[in-house]
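Everything below concerns the one structure shown next.
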Amino acid sequence: MPQPYPRFHPGPSAGRLDSFSERGARELARRIRTAWANIGWDVEVRVERIASEELGDGRSIAHFIVRSDLINGLPQRRLEGVAARALPRAA
């Protein structure tokens, strides 16, 4: 039986993905979107700037966050043209 949801693991990403940088957050968003799309679910994932930190030498670093429309970790919409397959209910 195929797995009804992507295999996600809590904690830091393997491969040292810096999800606080814009580049890392965009990569994380892409991975989430792709993992769900591979099993037929449409998930909206967006990257938002949450803060900036002054470095003291005139430069600043922006911090980013990844947000999605998952509810209790589960998607809400099937990709068009994909047969429905039930997901386990979130507790």
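Scan the range 38-65 for residues that are outside any strand (DSSP E or B) and either under 21 Å from P75 (Cα atoms) or β-branched (V, I, T) (or both) and report the count.
Number of matching residues: 5.
Run down I65, I50, I61 and say which single residue is under 20 Å from E27 (Cα atoms), at pLDDT 75 or above and more than 17 Å from the chain's Cα centre (by Cα).
I61
Could you tell me which residue of the range 49-74 is farthest from F20 (Cα to Cα), considering only residues that are open to solvent by 60 Å² or more (accessible area, probe 1.4 Å) and charged (D, E, K, R)?
Here the answer is D57.
Listed residues A25, A35, A29; which is under 19 Å from P6 (Cα atoms), touching a Phe, Trp or Tyr at 6+ places or on another chain (Cβ under 6 Å) and either in a helix (DSSP H, G or I) or open to solvent by less than 40 Å² (accessible area, probe 1.4 Å) (or both)?
Answer to the selection: A25.
The values are calculated or read from the model by the stated rules, or taken from the named source; none is laboratory data. Given the structure is predicted, the values throughout are model-derived calculations rather than measurements. Every residue, glycine as well, gets a Cβ built from its backbone with ideal geometry; the counts of neighbours run over all protein chains shown. Accessible surface areas use protein heavy atoms only, side chains included; no ligands, DNA or RNA. Shrake-Rupley method; radii C 1.70, N 1.55, O 1.52, S 1.80 Å.
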